[in-house]
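Beneath this line is the structure, given in structure tokens, with notes to follow.
The values are calculated or read from the model by the stated rules, or taken from the named source; none is laboratory data. Because the structure is a prediction, the values reported are computed rather than measured. FYI the Cβ positions are ideal-geometry reconstructions off the backbone, even for glycines, and counts take in every protein chain you see.
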Amino acid sequence: MVSKKKFTICHNKGFHMTFNNNWTVSVQFGFGNYCDNYNEPVKDFAKNYGKNPKESNTAEVWAWKGEKHFPSDPLGYQSPDEVFEFIKKVRRKK
């Protein structure tokens, strides 16, 4: 499902945000994402869903506009500073 809203929460794993240039940034840090929580068992995630906020020192980022992706594959294990720089770069894209 594609949301028409500017912010979306993604199953207690991260978020999406869409800019006026129609590029959407995904920042994910839950089980299965390329981050500190990559190997977290799914059963632990399901058991704690909605109870405790997920924490991580790294996150996976990716962006898209329609069928275009930036970069071609997600960037994993990004620090907060790297996530911030990625978001700024996507916001400036045409």
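Residues that are exposed (fewer than 12 other Cβ atoms within 10 Å of the Cβ) and among the polar types (S, T, N, Q) within segment 58-88 comprise SER72, SER79, listed in sequence order.
All of (1) modelled with pLDDT under 95; (2) surrounded by 14 or more Cβ atoms within 10 Å (Cβ to Cβ) hold for ASN48 with one exception: (2).
All of (1) modelled with pLDDT of 95 or more; (2) in a loop (DSSP other than H, G, I, E, B) hold for ASN37 with one exception: (1). I'd like the full set of residues that are without any contact (Cβ under 8 Å) to a residue 24 or more places away in the chain and within 21 Å of PHE31 (Cα to Cα), limited to segment 56-74. If the condition is that a residue be without any contact (Cβ under 8 Å) to a residue 24 or more places away in the chain and within 21 Å of PHE31 (Cα to Cα), then ASN57, ASP73 are the ones that fit.
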